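I have placed the structure first, in the form of structure tokens, so that the comments after it can refer back to it.
The values are calculated or read from the model by the stated rules, or taken from the named source; none is laboratory data. As the structure is a computational prediction, the values presented were derived from the model and not from experiment. Every residue, glycine as well, gets a Cβ built from its backbone with ideal geometry; the counts of neighbours run over all protein chains shown. Accessible surface areas use protein heavy atoms only, side chains included; no ligands, DNA or RNA. Shrake-Rupley method; radii C 1.70, N 1.55, O 1.52, S 1.80 Å.
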Amino acid sequence: MISLEDWALVRRLVADGVPRRQVARDLGIGRATVDRAVASDRPPKYQRPAVVTSFSPFEARVRALLTEYPDMPATVLAERVQWSGSITWFRENVRRLRPEHRPVDPADRLSWAAGDAAQCDLWFPPRKIPLEDGTSVLLPVLVMVAAHSRFMTARMIPTRKSEDLLLGSWELIQQLGRVPRRLIWDNEPGIGQRGRLAQGFASFAGTLATKVVQLRPYDPESKGIVERRNGWMETSFMPGRTFTSPADFNAQLTDWLITANTKVVRTIKARPIDLIEHDRAQMLPLPPVPLQLGWRDRVRLGRDYYVRLDASDYSVDPVAIGRMVDVSADLERVKVRLEGRLVANHARVWARGTTVTDPAHVEIAKRLRQQFQQPRPVAAGDDLTRDLSDYDRAFGLGEEVA
């Protein structure tokens with residue numbers, strides 16, 4: 001077989017009118033080789049002739065199993081076909097055959113119209129954040145990226161629960177200033193599962209006139225924009241930073257996002273800050289009424305005058321003991337109301353199992369306890385003895401005649 005250079009030279013010489021016999025003589029190759037080079041429209045390629053190997057007798061059975069079970073491990077395949085040779089050699093042959101039997105899942109290149117969608121995701125920074133009780137934990141960051149402009153907003157939230165996801169989503173939408181027509185999520189449990197949205201998200205979408213779309217499993221390409229932004233934050237925002245609290249993390253992240261949105265995005269060859277106004281113009285307006293989101297509950301206040309929210313306890317004015325109170329919370333505050341009157345207002349803590357006490361509530365409880373323990377005074381001159389004739393008259397016994 002001749003080399004690629006000789007193949008090209010033969011074709012050029014023959015095309016220039018040099019006789020094939022002379023070409024063969026000058027290059028020292030056979031006339032038949034020259035004829036084949038001229039007739040072939042592809043460069044010569046060496047192919048090793050197929051030979052029978054120790055795997056050959058097993059190949060048909062392996063192919064049959066891969067057709068039905070394309071992801072069956074090589075060790076299981078070896079056991080099924082009763083292979084007794086080298087497992088390394090068997091794996092190499094299975095690796096060669098598997099792509100022919102595995103279903104293909106093509107990934108289309110998606111285009112995003114202005115105002116159409118925002119991709120949403122939870123990113124977990126690989127660093128624990130200090131909390132109020134001295135512990136440090138990994139906390140989620142809610143990330144929302146306008147798909148057309150690539151404009152990014154993000155915020156660390158206390159939990160992955162639906163209440164906090166709703167609060168975080170509304171805050172990021174307010175930062176955008178308009179409502180994307182679709183909010184694209186993966187199968188995050190706090191958003192919904194098995195085709196059904198979690199409690200609160202249907203009304204949330206209805207109030208905003210948007211649509212919450214949950215992607216099918218194994219479809220990461222449909223929200224690849226936000227996935228890549230998560231990776232970018234991990235490699236660009238996180239290195240060299242330290243955080244003293246979730247509030248400190250959010251403050252640093254907000255400052256970084258201002259710069260991040262001025263960077264040119266390679267895939268669109270533009271800066272998000274330059275495209276966001278066009279993106280906003282095609283989005284929906286914010287609702288005219290404020291949304292009632294967050295944690296909400298109605299409970300009867302017990303003698304210990306504390307209410308529980310997300311595994312932490314908050315004190316309440318003891319005058320509400322035994323009565324129904326309304327508990328509400330957002331990402332920052334926990335409030336309790338008695339018939340509309342505020343009886344507790346605390347900063348929300350992110351550490352689970354924490355007890356938050358207002359000293360004023362303790363003083364009120366102490367005073368009420370002292371009043372309860374004191375005996376009630378009896379008014380002077382109050383004779384509790386009753387004349388028995390009153391009972392005779394009541395039952396008609398005083399009028400009997402002997």
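Residues in region 143-181 that are of a type in the set (D, E, K, R), over 19 Å from residue 231 (Cα atoms) and crowded, with 22+ Cβ neighbours inside 10 Å: 163, 164. Of the residues in region 105-125, none is basic (Lys, Arg) and either at pLDDT 95 or above or within 20 Å of the chain's Cα centre (by Cα) (or both). Cβ-Cβ contacts under 6 Å between residues 6 or more apart (or on different chains), taken from a first residue in region 289-309 that is touching a residue at least 40 places away in the same chain (Cβ under 8 Å) and surrounded by 12 or more Cβ atoms within 10 Å (Cβ to Cβ) to a second residue that is charged (D, E, K, R) and in a strand (DSSP E or B), are listed as 306/313. Residue 239 meets all of the listed conditions (1) in contact with a helix residue (DSSP H, G or I) (Cβ under 8 Å, 6 or more places away or on another chain); (2) free of Cβ contacts under 8 Å to residues at least 12 places away in the same chain but one, namely (1).
Sub-7 Å Cβ pairs linking a first residue in region 191-216 that is over 15 Å from residue 161 (Cα atoms) to a second residue that is polar (S, T, N, Q), at least 6 apart or interchain, are 214/187; 215/222, ordered by first then second residue.
Scanning region 169-212 for residues that are part of a strand (DSSP E or B) and modelled with pLDDT under 90 returns 192, 193, 196, 197. Residues that are surrounded by fewer than 17 Cβ atoms within 10 Å (Cβ to Cβ) and either part of a strand (DSSP E or B) or among the polar types (S, T, N, Q) (or both) within region 314-327 comprise 324, 326, listed in sequence order. Checked against (1) touching a strand residue (DSSP E or B) at 6+ places or on another chain (Cβ under 7 Å); (2) among the polar types (S, T, N, Q); (3) not in a strand (DSSP E or B), residue 149 passes all but condition (1). The numbered conditions (1) over 22 Å from residue 124 (Cβ atoms); (2) surrounded by fewer than 18 Cβ atoms within 10 Å (Cβ to Cβ); (3) not hydroxyl-bearing (Ser, Thr, Tyr) are all true for residue 280 except (2). Scanning region 41-67 for residues that are of a type in the set (Asp, Glu) and at pLDDT 90 or above turns up just one, 59. With respect to the conditions (1) open to solvent by less than 30 Å² (accessible area, probe 1.4 Å); (2) assigned to a strand (DSSP E or B), residue 337 lacks only one, and its number is (1).
When residue 249 is tested against (1) outside any strand (DSSP E or B); (2) in contact (Cβ under 8 Å) with a residue 12 or more places away in the chain; (3) within 19 Å of residue 150 (Cβ to Cβ), only condition (3) is not met.
Of all residues in region 3-14, none that is closer than 15 Å to residue 30 by Cβ has its Cβ atom under 6 Å from the Cβ atom of a residue that is of a type in the set (Ser, Thr, Tyr), 6 or more apart or on another chain.
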